[in-house]
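Take a look at the structure set out below.
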Amino acid sequence: ELRAPPDKIAIIGAGIGGTSAAYYLRQKFGKDVKIDLFERGEVGGRLATMTVRGQEYEAGGSVIHPLNLHMKRFVKDLGLSTVQGFGGLMGIYNGETLVFEESSWFIVNMIKLIWHYGFQSLRMHMWVEDILDKFMRIYRYQSHDYAFSSVEKLLHSLGGDEFLGMLNRTLLETLQKAGFSEKFLNEIVAPVMRVNYGQSMTINGFVGAVSMAGADSGLWAVEGGNKLVCSGLLQSSKSNLITGSVIYIEEKTRTKRTGNPTKMYEVIYQIGSETRSDFYDIVLVATPLNRKMSNITFLNFDPPIEEFHQYYQHIVTTFIKGQLNSTLFSSRALDKFDLSTILTTDNSDLFINSIGIVSSVTENNPQPSTERGHVWKIFSQEILTKEQILKLFLSYDYAVKQPWLAYPHYKPPEKCPSIILHDRLYYLNGIECAASAMEMSAIAAHNAALLAYHRWNGNTDMIDQEGLYEKLKTEL
Ligand SMILES: Cc1cc2nc3c(=O)[nH]c(=O)nc-3n(C[C@H](O)[C@H](O)[C@H](O)COP(=O)(O)OP(=O)(O)OC[C@H]3O[C@@H](n4cnc5c(N)ncnc54)[C@H](O)[C@@H]3O)c2cc1C
Ligand SMILES: CC(C)=CCC/C(C)=C/CC/C(C)=C/CSC[C@H](N)C(=O)O
């Protein structure tokens with residue numbers, strides 16, 4: 001028998017995590033629950049576009065994997081359209097020369113890869129496939145409403161000790177153990193880690209696999225910008241957006257309409273210079289909990305809620321429209337230079353992680369070359385200086401930058417923060433310690449919604465079930 005649903009739920013953060021939590025909470029708790037979604041910045045969070053000269057470009061989370069089923073479902077349910085085509089040729093620069101260059105001929109490419117690295121790229125493909133295969137089990141568990149009380153338990157359910165163990169070893173250790181060559185690791189794997197996570201192969205093995213998946217073919221994005229998923233979910237979940245900054249959360253006893261004293265959470269927030277507060281039965285925190293990123297204080301909890309010190313990687317996205325100085329990378333002049341993406345190896349002298357031609361959020365493919373050049377997106381650790389820009393470009397029209405505290409600085413062994421911070425207080429972004437990606441936040445959101453629902457109704461048999469894979473394999 002179900003308990004009456006909660007009256008009010010608060011979600012802090014309207015990124016993809018918070019808005020998908022609103023969507024799944026509405027599905028589970030029904031139409032009568034009031035859901036307030038607090039956002040101090042823009043709806044979308046790290047899914048953000050930048051408008052330059054009338055064109056919008058993805059400045060944060062930009063690509064989605066074809067097997068990211070939550071994102072796929074949101075796009076379908078919300079009636080959004082997708083754009084494909086992050087094609088073009090890729091090269092890898094080591095600070096002196098291009099150590100690898102793609103060819104537009106599939107067969108030539110294969111021969112080049114085998115010539116340089118033997119069958120390592122095929123083996124890498126199989127390594128990632130195997131991890132993705134196990135990862136996909138989460139969708140089956142969630143479609144049967146199963147929830148997990150910790151990130152570790154969730155990952156363990158996907159592939160046992162070995163799968164969870166990926167959090168405790170560096171990608172380098174994992175791949176060396178699997179027999180990959182130094183040359184392949186330095187020239188192919190390290191550049192992919194740099195473009196996707198701005199870090200080296202010392203990140204944990206799981207996020208390393210996610211990053212390699214982020215170099216697969218078939219990647220897509222939402223036409224008009226990935227952040228449209230967040231505004232769409234906010235609307236479809238019929239949540240109430242409060243544009244304010246949450247500063248405190250405190251547990252208090254309140255007397256409800258029924259006359260019963262009930263433990264509730266007081267959420268104290270600021271709108272401009274005004275401080276307001278409201279009471280909630282359930283609270284979901286959908287933002288990284290650290291001073292620099294959210295600055296939320298948990299007041300008077302017994303036992304106290306731990307301080308979070310996860311360090312987030314500083315990354316700068318810069319958009320530059322201009323004529324690339326192709327001679328920096330190769331002896332070929334610009335009209336003979338056909339690479340549209342250049343990744344870099346782990347070389348401390350390099351001041352960029354990657355540079356690539358981008359299309360606007362409405363284009364399916366990069367615009368044909370114009371006199372004044374393409375729009376290039378550059379990832380770097382630091383803000384580019386004018387001298388650095390002039391080294392990269394013969395001439396340029398504009399350079400606009402967006403700095404980010406982008407994703408955790410990975411340093412295995414990883415100990416993920418708790419999902420259950422207190423009785424009815426949940427934390428979604430602990431999942432980023434395993435890997436940060438849009439789909440990971442959506443998975444954490446679905447899990448937290450299911451967990452909140454089952455704990456509210458006392459359905460303990462739906463939480464942390466072991467042997468789920470075997471159990472569900474035989475179910476229709
Ligand atoms: C440059 C970059 C490139 C990326 N590329 C990709 C990619 O290609 N593919 C991919 O899958 N992932 C990518 N990611 C990762 C992906 O964007 C994130 O994992 C995901 O967007 C995180 O979503 P979230 O909702 O969990 O957190 P966020 O998007 O950070 O949302 C948290 C929200 O909470 C709000 N907030 C914080 N504190 C408070 C407060 N006190 N009160 C009220 N509101 C508050 C914030 O303003 C923010 O909007 C990229 C990230 C970056 C930065
Ligand atoms: C979660 C799973 C199974 C897959 C996600 C794969 C994926 C899309 C990874 C990308 C992660 C990421 C943080 C990319 C950042 S940079 C993206 C892109 N190269 C760009 O140039 O903007």
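A short reminder: the numbers here are calculations on the coordinates, not readings from a lab. The structure displayed is predicted, hence computed values, not measured ones. With ideal geometry, Cβ positions are generated from the backbone for all residues, glycine too; neighbour counts draw on all protein chains shown.
About its Cα centre, what dipole magnitude does the chain give when the only charges are +1 on Lys and Arg Cβ and -1 on Asp and Glu Cβ, stated in debye to the nearest 20?
780 debye
Loop-only trypsin sites (Lys or Arg not before Pro) in segment 151-253, please: DSSP not H, G, I, E or B, and at most 13 other Cβ atoms within 10 Å.
Here the sparse-neighbourhood loop sites are Lys238.
For Gln388 and His314, compute 0.36 nm times the residue count separating them, minus their Cα-Cα distance, and round to one decimal in nm.
Full extension of this stretch gives 24.8 nm more.
For Glu96 and Asn240, what is the calculated FRET efficiency with R₀ set at 51 Å and r taken between the beta-carbons, to the nearest 0.05?
That gives a FRET efficiency of 0.35.
Output the Kirkwood hydrodynamic radius of segment 331-474, Cα pairs only, in Å rounded to one decimal.
Roughly 20.1 Å, rounded to one decimal.
Under 18 Å Cα to Cα from Lys263, which aspartates and glutamates show up? Leave out anything in the same chain fewer than 8 places away.
Lys263 reaches Asp7, Glu250, Glu251, Asp278, Asp281, Asp302, Asp423.
Counting other Cβ atoms within 10 Å, which GluC sites (Glu not before Pro) in segment 395-476 have at most 11 and lie in a DSSP loop?
Glu466, Glu475
Using the Karplus curve 6.51 cos²θ - 1.76 cosθ + 1.60 with θ = phi - 60°, work out ³J(HN,Hα) for each residue of segment 458-474 in order, rounded to whole Hz, and write x for Gly and Pro.
Karplus values, whole Hz, x for Gly and Pro: x, 8, 5, 5, 9, 10, 6, 5, 8, x, 5, 4, 5, 4, 7, 4, 8.
Translational D (Stokes-Einstein, µm²/s) of the chain at 10 °C and 1.306 mPa s when Rh comes from the Kirkwood sum over C-alpha pairs?
67 µm²/s
Enumerate the amide H contacts of Ser354 below 5 Å, restricted to partners 5 or more residues apart or on another chain; note that Pro and chain-start residues carry no placed amide H.
Here the answer is Phe379, since their amide H atoms fall under 5 Å of that of Ser354.
In straight Cα distance, which lysines are under 26 Å from Lys76, not counting same-chain residues fewer than 8 positions off?
Lys28, Lys31, Lys34, Lys134, Lys227, Lys238
Out of residues 5 or more away from Val375 or on other chains, whose amide H comes under 5 Å of its own, with H placed 1.01 Å from N in the peptide plane?
When sequence neighbours closer than 5 places are left aside, the close amide H contacts are Val358.
What angle do you read, to the nearest 10 degrees and between 0 and 90, between the alpha-carbon axis of helix 227-236 and the longest principal axis of the chain?
Between the helix axis and the principal axis of the chain, the angle is about 20 degrees.
By how many degrees, between 0 and 90 and to the nearest 10, does the Cα long axis of helix 151-165 differ from the longest principal axis of the chain?
50 degrees
When we measure straight from the Cα of Lys292, which aspartates and glutamates land under 14 angstrom away, once same-chain ones fewer than 8 places off are left out?
Those aspartates and glutamates meeting the cut-off are Glu307.
Is it possible to state the helix-based mean residue ellipticity at 222 nm for the chain, with each DSSP H run of 4+ residues giving -39500 (n - 2.57), the sum divided by total residues, to the nearest 500 deg cm²/dmol? What is it?
One gets -9000 deg cm²/dmol as the mean residue ellipticity at 222 nm.
Using θ = phi - 60° and the Karplus relation 6.51 cos²θ - 1.76 cosθ + 1.60, list the HN-Hα couplings for segment 32-38 in order, rounded to whole Hz, with x at every Gly or Pro.
8, 6, 8, 10, 9, 10, 8
Taking R0 as 56 Å, what FRET efficiency do you get between Ile111 and Tyr248 from their Cβ-Cβ distance, rounded to the nearest 0.05?
For Ile111 and Tyr248, the calculated efficiency is 0.35.
Can you compute 3J(HN,Hα) from phi for each residue in segment 430-441, using the Karplus curve 6.51 cos²θ - 1.76 cosθ + 1.60 with θ = phi - 60°, rounded to whole Hz and x for Gly and Pro?
With the stated coefficients, segment 430-441 comes to x, 5, 5, 5, 7, 6, 9, 6, 3, 4, 5, 5 Hz.
Rounded to the nearest 0.05, what FRET efficiency do Thr327 and Lys134 have when you use their Cβ-Cβ distance and R0 = 45 Å?
So the FRET efficiency works out to roughly 0.50.
What Cys residues in the chain are without a partner cysteine, judged by a Cβ distance under 4.7 Å?
Cys230
List the residues whose amide H sits under 5 Å from the amide H of Tyr93, counting only those 5 or more places along or on another chain, with H placed 1.01 Å from N in the peptide plane.
Val99, Leu343, Thr344, Thr345
Please list the equivalent ellipsoid semi-axes of segment 145-299, computed as the square roots of five times the alpha-carbon gyration tensor eigenvalues, in descending order and whole angstrom.
So the equivalent ellipsoid measures 41, 21, 17 Å along its semi-axes.
Under the 0.36 nm per residue contour assumption, what length would be gained going from the current alpha-carbon distance of Asp423 and Asp461 to full extension?
11.9 nm is the gain from fully extending Asp423 to Asp461.
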